[in-house]
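For reference, the structure discussed in these notes is given below.
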Amino acid sequence: MLPGYTEELTKAPTEVAEPGGESTAPEQISQRTVQAQVASVTRAARTQAGSGGVLQVVHGAKRVGWAAYELQAAATHLVQGVAKPPYAQTGTLDSLESRKLAEGVRYQVLYDRSALARPPQLDITTKLVAMGEQARVIHVAPTKLIMVDNEIALLPLTVTETSVESAVVVRSSAMLAAVARIFEDLWRYAAPFTANQDLDGNELRPTEEERWILSLLASGATDDTIGRLMGFSARTAHRRVRELISRLGVETRFQAGMQAVKLGWL
């Protein structure tokens, strides 16, 4: 689940000094200290008291990794996530997901298409889906995400090519509700995952009807015109166009036409 939020969790973190006593070199810092700090962050984020606020920022790739682990470990019924680069180790979180699935926790994971291009990930995802993970694929996902029990979420703030350097923990709030709605919209328009996933985009290929809509879209037709020519209402035409734009991972009608041509859909 969400490879890249964590590095190898069995290695001792090297970012936080031991409290008290003499100063300790970074390479001698204990794993227990970082775990304790992250656990305190996740406990505070789950607390409903106003003193903790709705946002907590986690700094450092290893702390972010532990936050991802702690949040999923505490899940009771639902974990939703978006998987996309950057990546690091995946084994520990995948093992955790296996355990949580066995406990009856549902997983809904939306994969950026590039996520499945990482050699081990396609096999790992196939195994997790066989165990009960619900997985879908989108052309371009906007961000990484973990959301647990509709109560708390973890999103990246700063990233490098290889790691998430800081992240924000968001608990129950209007912001969390907005994140949940965005996930629902992405999930609705994403393509189902299959074990023989085509990483060149063929899993997202349009139907003949959708191809006609894209052709009209590329010609500059309005939703009213598309609806009239296709035989359905302007509202339905607008919804179908927005679905296609989302599937293509773009933001505008013009970009959708260009992307459809690039993928060989037109």
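Are any residues in the stretch 139-155 in contact with a Phe, Trp or Tyr (Cβ under 8 Å, 6 or more places away or on another chain) and either within 23 Å of Leu101 (Cα to Cα) or modelled with pLDDT of 90 or more (or both), and if so, which ones? Explain how you work it out, then say what you get.
The initial filter retains those residues of the stretch 139-155 that are in contact with a Phe, Trp or Tyr (Cβ under 8 Å, 6 or more places away or on another chain), namely 141, 144-147, 154.
Selection gives Lys144, Leu145, Ile146, Met147, Leu154.
Considering only residues that are of a type in the set (S, T, N, Q) and open to solvent by less than 70 Å² (accessible area, probe 1.4 Å), which ones fall in the stretch 159-197? First the steps, then the outcome.
Taking the stretch 159-197 first, the residues of a type in the set (S, T, N, Q) are 160, 162-163, 166, 172-173, 194, 196-197.
Residues satisfying the conditions are Thr160, Ser163, Ser166, Ser172, Ser173, Thr194, Gln197.
Starting from residues that are open to solvent by less than 60 Å² (accessible area, probe 1.4 Å) and of a type in the set (D, E, K, R), keep the ones in the stretch 98-132 and report whichever is farthest from Thr194 (Cα to Cα).
Within the stretch 98-132, the match that is farthest from Thr194 (Cα to Cα) is Lys100.
Rundown of residues vs (1) outside any helix (DSSP H, G or I); (2) of a type in the set (Ser, Thr, Tyr); (3) modelled with pLDDT under 80; (4) not assigned by the TED database to the domain that holds Leu145, yes/no style:
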| residue | (1), (2), (3), (4) |
| --- | --- |
| Thr33 | no, yes, yes, yes |
| Glu70 | no, no, no, no |
| Tyr111 | yes, yes, no, no |
| Gln121 | no, no, no, no |
| Thr125 | no, yes, no, no |
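Only residues that are in contact (Cβ under 8 Å) with a residue 12 or more places away in the chain and farther than 17 Å from Leu186 by Cβ: list them for the stretch 241-257, please.
Within the stretch 241-257, Arg253, Gly257 qualify.
Given (1) in contact with a strand residue (DSSP E or B) (Cβ under 8 Å, 6 or more places away or on another chain); (2) open to solvent by 50 Å² or more (accessible area, probe 1.4 Å), identify the lone condition not met by Gln72.
The one condition Gln72 does not meet is (2).
Is it the case that Ser215 is hydroxyl-bearing (Ser, Thr, Tyr), open to solvent by 60 Å² or more (accessible area, probe 1.4 Å) and outside the structural domain of Asp185 (by the TED database)? Can you show your working first?
Numbers: hydroxyl-bearing (Ser, Thr, Tyr): yes; open to solvent by 60 Å² or more (accessible area, probe 1.4 Å): no; outside the structural domain of Asp185 (by the TED database): yes.
Against the criterion (hydroxyl-bearing (Ser, Thr, Tyr), open to solvent by 60 Å² or more (accessible area, probe 1.4 Å) and outside the structural domain of Asp185 (by the TED database)), Ser215 does not qualify.
Only one of (1) under 26 Å from Arg63 (Cβ atoms); (2) touching a strand residue (DSSP E or B) at 6+ places or on another chain (Cβ under 8 Å) is not met by Glu161, so which one is it?
(2)
Can you tell me which residue is nearest to Leu71 (Cα to Cα) among those in the stretch 133-149 that are in a strand (DSSP E or B) and open to solvent by 40 Å² or more (accessible area, probe 1.4 Å)?
Restricting attention to the stretch 133-149, the residues satisfying the condition of being in a strand (DSSP E or B) are 134-138, 145-148.
With the extra rule that they be open to solvent by 40 Å² or more (accessible area, probe 1.4 Å), the set shrinks to 134, 136.
Working: Gln134: 19, Arg136: 22 Å.
Going through the qualifying residues, I end up with Gln134.
For every residue, the table says whether it meets (1) out of contact with any Phe, Trp or Tyr (no Cβ under 9 Å at 6 or more places or on another chain); (2) crowded, with 20+ Cβ neighbours inside 10 Å; (3) part of a helix (DSSP H, G or I).
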{"residue": "Ala237", "(1), (2), (3)": "yes, yes, yes"}
{"residue": "Leu244", "(1), (2), (3)": "no, yes, yes"}
{"residue": "Glu251", "(1), (2), (3)": "yes, no, no"}
{"residue": "Phe254", "(1), (2), (3)": "yes, no, yes"}
{"residue": "Gly257", "(1), (2), (3)": "yes, yes, yes"}
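Quickly run through the stretch 78-97 and pick out the residues that are at pLDDT below 75, open to solvent by less than 20 Å² (accessible area, probe 1.4 Å) and in a helix (DSSP H, G or I).
The one that is at pLDDT below 75, open to solvent by less than 20 Å² (accessible area, probe 1.4 Å) and in a helix (DSSP H, G or I): Leu93.
The values are calculated or read from the model by the stated rules, or taken from the named source; none is laboratory data. What you see is a predicted model; the values in this text were computed from it and never measured. Here Cβ is always computed from backbone atoms with ideal geometry, including for glycine, and neighbour counts include all displayed protein chains. Heavy atoms of the whole protein, side chains included, go into the accessibility calculation; ligands, DNA and RNA do not. Shrake-Rupley method; radii C 1.70, N 1.55, O 1.52, S 1.80 Å.
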